Number of protein chains: 2
Amino acid sequence: MTARARVKIKDVATLAGVSTATVSRALSAPDSVGPATRKKVMEAVKATGYRINSAARDLRQRRARSLLILAPNLSNTFFSRIFAAVQEEASSVGLTVQISDSRIGRDRLLSLGYDGRADGIVLLDGGLDPEVVNGWRLPLIQLSEWNDAYDAPRLGIDNHAAAGLAVDHLVGLGHRSLLHVNGPEENVLAITRRQGFLDAASRNGAEATVFPGDFTLESGAEAARRWAGLDNRPTGVFCASDECALGFVSECIRLGCDVPGDVSVVGFDDIDFADRFVPSLTTIHQPRLEMGRAAVKQVVAMMQGTPKVEADATGTPPERIEAALVKRASTGPAPA
Amino acid sequence: MTARARVKIKDVATLAGVSTATVSRALSAPDSVGPATRKKVMEAVKATGYRINSAARDLRQRRARSLLILAPNLSNTFFSRIFAAVQEEASSVGLTVQISDSRIGRDRLLSLGYDGRADGIVLLDGGLDPEVVNGWRLPLIQLSEWNDAYDAPRLGIDNHAAAGLAVDHLVGLGHRSLLHVNGPEENVLAITRRQGFLDAASRNGAEATVFPGDFTLESGAEAARRWAGLDNRPTGVFCASDECALGFVSECIRLGCDVPGDVSVVGFDDIDFADRFVPSLTTIHQPRLEMGRAAVKQVVAMMQGTPKVEADATGTPPERIEAALVKRASTGPAPA
DNA sequence: CTGAAAGCGCTTACAG
DNA sequence: CTGAAAGCGCTTACAG
């Protein structure tokens, strides 16, 4: 392990007494060279400690063997399992993974889709400039969040229907007055879940209120304080995210209220802490491993030239992932 | 935005009526070309929508403008803020970030340090084969976890002393019998925290017990069940991680015990949920943003040839980040 | 200030 | 089965 100059294919070729072309072939398609040659090359590789320079190979082959994940906030715990799933699936087909925050400058963002370092994109942000996204010349899939102006297939759960599951659950427990703590105003997930909440409440003939929020713990706590100040407190609460719901629940407890005795709370996502919180959180489960894996498969298929699947006649995006309500301890019968 | 062939520097040069060398210079060092030439080139760039092919530039310059982060578990919430900090800091100096799981095959792992796609590594895993790590020919910094057999500088808090802070806090509250829920057997952080716990307990003349664990929520819950079965239950518990501590606390509550009435619990890390849990968690704060930023600065300095800072005479690693005890609601006076 | 030419380290038709 | 040569898309001494 002494420090040595980087060995390149030419060094191996010289040592083995063959051409670089033969070394290249012996390494990438062993069957295409003679057994004796193969042996000589392999010995030279071992003796020199040669490892291929991927950057050079990538340039020559005009592909990077790399996937780019773009997310609006790398420290969001909702994403971490998706990252892990994407990494695992990508790795299994020989691709490396780059992760970047999608909220970087417009110019830098534009470059990402052009610079020859990635050959596919998994986009977790529905809030980017469509001109930038559509300007990229790379296979791309929208995961979780989406934007109708992006010209790319999407993958995710049915957020509208999922919100309905939460409402139906609360109504089934006897709650007649419902509160929704919203996500960020412009966020497509928030908009869809909110609409799903309103539609389901109306369908069930329940009273519906909406408080602002932004998916965070703190916004949930803030909503709880506001809720506590109400004259007629809704008894069933549906939060746009688990973090928000956990913030809501913990602030309620801090204020001396009982969950679910005084108020039932439902979250969204089923992050790891949801079933460890006290009380454990009733929520909508999003299968994040499955989402990450499916996204990679889809984008890899696109890289290999599979034609995009189009939305069917009803406008339903073709790639639906099943979400489900998980009943836990934060919801119970409405107080008498 | 019609689909068009990728435009390269030659196309720009032709349109502007100059050589590719001049285009290259106009773009990377505008002052080195004449104003009129510069203008012609810029117009041609705009007209063609040219964007540089980074892969080609990287190969020619023999650097990748990219940092590689290696972590043993991408879905671990402790890492997410570090990732975000690294990304932010790297981005501010023009570097992209690749993230990879460090628990991939040995061969694939070895390649990462050789393949010309990264020019620096931030390593968050102390459990890799030192031969592989030392075989890499790239500036590398160990962050959080470390391994004495790695030939690279490290950055992190003083885990031994931090464990002492937790113990002193519990002893100060009157706890005389202490329990530690350990991290994974072989993990250097776990070993160091455990030793810090034992040394501080002994220094304080407190009784000390250690249960196995692995940093996870579930292992904390398991330890709580085991604790509950004890005849003489320790009243002060120090867990090797926040997740473990939250698992311990929630299982205690589930078993009908009061925290901190019956048992005080201290965690380690100060993850986002620590202050939102009910009760909020007393823990050791690790400044993860600072850690991520400092790691990037250090590895960038190494890339620019700054000589490694050596450990001083006392053997103290030079790059210490301050950890601190954060007192919250999960700890209180020992029961009478 | 600008251009012709070499070269970063590979792969791949093409020819034999 | 193997090699000579071209080329992936850039940058950079070198010369003028």
- Note on the structure: chain B: longest segment with zero exposed GluC sites (Glu not before Pro), where exposed means DSSP loop plus at most 12 other C-beta atoms within 10 Å, is residues B:1-184
- Rounded to whole angstrom, the alpha-carbon centroid of the range B:163-179 lies from that of the range A:262-287 at a distance of 33
- Query: Along the charge dipole of the range A:194-336, which of A:216, A:304, A:239 sits closest to the positive end, that is, farthest toward it, with unit charges on the beta carbon of Lys, Arg, Asp and Glu (+1, +1, -1, -1)?
  - Reply: A:304
- Message: Probe radius 1.4 Å, ligands and nucleic acids ignored: give me the carbon and sulfur share of the accessible area of the range A:89-221 as a rounded percent.
- Response: 49
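Which longest uninterrupted range of chain A lacks any trypsin sites (Lys or Arg not before Pro) assigned by DSSP to a loop state (not H, G, I, E or B) and surrounded by at most 14 other Cβ atoms within 10 Å?
Formally, the longest exposed-site-free interval is A:138-307.
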- Task: Would you jot down the residues in the range B:48-75 that end up with at least 50 Å² less accessible area in the complete protein assembly than in the chain alone, with a 1.4 Å probe?
- Result: B:51, B:55, B:59, B:74, B:75
- Return the average number of partner chain Cβ atoms within 10 angstrom of each residue Cβ along peptide A:270-277. 5
- Pairwise burial A:B, computed as accessible area of each alone minus the pair, summed, 1.4 Å, Å²: 5500
- Partner aspartates and glutamates for residue A:46 [C-alpha distance under 20 Å; skip if fewer than 8 residues away on the same chain]: A:11, A:31, B:107, B:115, B:129, B:131
- Per the charge dipole of chain A (beta-carbon charges, Lys/Arg positive, Asp/Glu negative, Cα centre), the residue among A:175, A:134, A:162 reaching farthest to the positive end is A:134
- Query: Across the residues of A:248-255, average count of Cβ atoms on other protein chains within 10 Å?
  - Reply: 2
- Query: For residue B:253 and residue B:6, what does the FRET efficiency come to when R0 = 41 Å and r is the distance between their Cβ atoms, rounded to the nearest 0.05?
  - Reply: 0.10
- Note on the structure: Classified through the alpha carbon gyration tensor (a ≥ b ≥ c as square roots of its eigenvalues; rounded if a/c is under 1.5, else prolate when a/b is larger than b/c, else oblate), the protein assembly as shown comes out oblate
- Query: Hey, for residue A:108 with labels 7 Å out along Cα-Cβ, what do the inter-copy distances come to in nm, ordered shortest first?
  - Reply: 2.9
- Query: Using helices alone, what [θ] at 222 nm do you get for chain B, with -39,500 (n - 2.57) per DSSP H run of 4 or more residues, divided over all residues and rounded to the nearest 500?
  - Reply: -12500 deg cm²/dmol
- Task: Give me the Kirkwood hydrodynamic radius of chain B, using the inverse of the mean 1/r over all pairs of distinct Cα atoms, in Å to one decimal.
- Result: 22.7
- First measure r as the distance between the Cβ atoms of residue B:218 and residue B:297, then evaluate 1/(1 + (r/R0)^6) with R0 = 35 Å and state the FRET efficiency to the nearest 0.05. 0.45
- Check: chain B dipole with +1 on Lys, Arg Cβ and -1 on Asp, Glu Cβ, in debye: 2320
- In nm, what does the list of distances from residue B:176 to its counterparts in the other copies look like, shortest first, when each label sits 7 Å along Cα to Cβ? 5.9
- Task: For each cysteine in the protein assembly as shown, check whether another cysteine's C-beta sits under 4.7 Å from its C-beta; list those where none does.
- Result: none
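Determine the relative contact order of chain A: mean sequence separation of Cα pairs under 8 Å and six or more apart, normalised by residue count, in whole percent.
Across chain A, relative contact order equals 15 percent.
How long are the semi-axes of the equivalent ellipsoid of the range B:9-52, defined as square roots of 5 times the Cα gyration tensor eigenvalues? Whole Å, largest first. Walk me through the numbers before you get to the answer.
Details: eigenvalues 39, 20, 18 Å².
Those come to 14, 10, 9 Å.
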- Message: Over chain B, with a Gaussian network built from C-alpha contacts below 10 Å, which listed residue (B:24, B:280, B:202) shows the highest mean-square fluctuation?
- Response: B:24
- Label model pair residue A:226, residue A:149: point-to-point distance (7 angstrom along the Cα→beta-carbon line) in nm is 2.7
- Hey, for residue A:34 with labels 7 Å out along Cα-Cβ, what do the inter-copy distances come to in nm, ordered shortest first? 6.0
- Report, as an integer, the average count of C-beta atoms from other chains found within 10 Å of each Cβ along A:115-128. 2
- Message: Over the range A:9-52, what is the relative contact order in percent, taking alpha-carbon pairs closer than 8 angstrom and at least six residues apart?
- Response: 43
- When the distances between all Cα atoms of the range A:159-286 are binned every 10 Å from zero, what whole-number percent does each bin get? 15, 52, 31, 2
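Express in nm, to one decimal, how much length is gained between residue A:46 and residue A:60 on full extension, taking 0.36 nm for each residue of separation and deducting their alpha carbon distance. Don't jump to the answer; show the numbers that get you there.
Working: separation 14, 0.36 × 14 = 5.04 nm, distance 2.43 nm.
Working it through step by step, the gained length comes to 2.6 nm.
The values are calculated or read from the model by the stated rules, or taken from the named source; none is laboratory data. Being a predicted model, the structure only gives us computed values, none of them experimental. We place every Cβ from the backbone using ideal geometry, glycine too, and count neighbours over all the protein chains shown. Ligands, DNA and RNA are excluded from the accessible area calculation, which covers all protein heavy atoms including side chains. Shrake-Rupley method; radii C 1.70, N 1.55, O 1.52, S 1.80 Å.
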